[in-house]
Amino acid sequence: MPELPEVETIRRGLDEYIVKQKIVSVDVYCEKSFCGVVGDIVGRKIEKIRRYGKALIVDLDGGVSLMIHLRMTGQLIYDGETRYAAGHPSENFVAKLPNKQTRVVIKLSDGVLYFNDQRKFGFIKVLPTARVEQDEFVKKLAKEPWDMSIDDFYEKLQRHQKACIKAVLLDQTIICGLGNIYADEALYVAKIHPERRAGELDKPEAEKLLKAACEVMDESIESGGSTMATYVRADGTKGDYLEKFAKVFRKEGLACPRCGAKIIKKRVAGRGTHICPKCQKDTVDTTPAVEEGVRND
DNA sequence: CTAGGATCCTGTCAGC
DNA sequence: TGCTGACAGGATCCTA
């Protein structure tokens, strides 16, 4: 799905466009995609949009909230005076809606919010606002990289000694926000091979990785996420992290911008993984002479 | 407890 | 053309 930067991009967009609007009606096209009773949210006003990791919380008046998780292929498309679309990028962003992938349609006072989701892994769930933080998913989330101390991160890596570092980065209960794109990009920036065991990273490496995670996600959020967040807005701007900033993700066969070696793709932790085989060594760097393995390039 | 694999679902693409 | 298997920007459940 949409990883943290994309979800944050959606949050900002919804904050601008749907807050203060009233829910007029809700059409559920796919039962699996909507958990709750439609009558509990119709007529309520949207007060606030929050985010926990990759989960979006829409607070309504009367102490009711919606939790929205896009998982792999979810998208939220607001169609009002302008169209604001974000989430899993696809032609749906500019298509006529509803369409085959539309799962829930929320009609608002001044526009319509479409929840599309090709694979139906995502969902919208109705719950009392007071219970959001008690939700099993929310409760288990770890800190986001910006809020995590290096000691905390290093200790977590030690705790998951034998797991691939990539698997660790994808585990939201260890560190929250990264998904397949930003895990690959962060590992590339930090020059760490995704198949290294978490326990064998030394502290300077862990620090580089944590910093890289913040960096790649900051960059993406600033550009509106990797998706075409503002696709149809008048200014024509669009978020295009993959085009503009990604160095390895979906770049297999292309030259590494750092060393020129050919980027490869292989399966790691059950996911397609992009690596520069030269910059990202799959064994511990035993180069002598430099203390603690710190290399300043 | 951790680690790894299967699984939910639809759609697309490469290879025969 | 039609079929088949692999794979996909996530998270959970099951097993060892």
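Just so you know, all these numbers are worked out from the coordinates, no wet-lab data involved. The structure displayed is predicted, hence computed values, not measured ones. Note: ideal-geometry Cβ built from the backbone for every residue, glycine included; neighbour counts use all protein chains shown.
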About its Cα centre, chain A carries a charge dipole, from +1 on Lys and Arg Cβ atoms and -1 on Asp and Glu Cβ atoms, whose size in debye to the nearest 20 is 980 debye
GNM of chain A, Cα pairs under 10 angstrom: of A:57, A:68, A:150, the biggest fluctuation goes to A:150
Which residues qualify? For residue A:104, with a placed amide H closer than 5 Å and at least 5 residues away or on another chain, they are A:29, A:115
For residue A:47, other-chain or 5+-apart residues with amide H closer than 5 Å (H placed, Pro excluded) are A:20, A:59, A:60, A:61
Length gained if residue A:131 through residue A:20 is fully extended, taking 0.36 nm per residue and subtracting the Cα-Cα distance, is 37.8 nm
Two pseudo-spin positions, 7 Å from Cα along C-beta at residue A:47 and at residue A:255, lie apart in nanometres by 5.7 nm
The residues A:9, A:283, A:129, sorted from fewest to most surrounding Cβ atoms within 10 Å, come out as A:283, A:129, A:9
At q = 0.23 1/Å the base-10 log of I(q)/I(0) from the Debye formula over the alpha-carbon atoms of region A:32-87 is -1.15
Cβ density ranking, 10 Å radius, fewest first, applied to A:115, A:93 yields A:93, A:115
Note to self, chain A gives a 222 nm [θ] from helices alone (DSSP H runs n ≥ 4, -39500 (n - 2.57) apiece, / all residues, nearest 500) of -7000 deg cm²/dmol
Going residue by residue through region A:66-77, the Karplus relation 6.51 cos²θ - 1.76 cosθ + 1.60 with θ = phi - 60° gives ³J(HN,Hα) values, rounded to whole Hz and with x marking Gly or Pro, of 10, 9, 10, 10, 8, 6, 7, 10, x, 9, 10, 10
Diffing region A:142-158: the Karplus 3J(HN,Hα) column from phi (6.51, -1.76, 1.60, θ = phi - 60°), in whole Hz with x for Gly and Pro, holds 7, 6, 7, x, 5, 9, 9, 7, 4, 5, 4, 5, 4, 5, 5, 4, 5
The long-range amide H neighbours of residue A:174, using H built 1.01 Å from N in the peptide plane and a cut-off of under 5 Å, are A:142
With Rh as the Kirkwood radius over Cα pairs, region A:28-141 has Rg/Rh of 0.94
The exposure ranking of A:37, A:248, A:19, A:64, fewest beta-carbon neighbours within 10 Å first, is A:37, A:19, A:64, A:248
Share (percent) of C-alpha pair distances in chain A greater than 24 Å works out to 54 percent
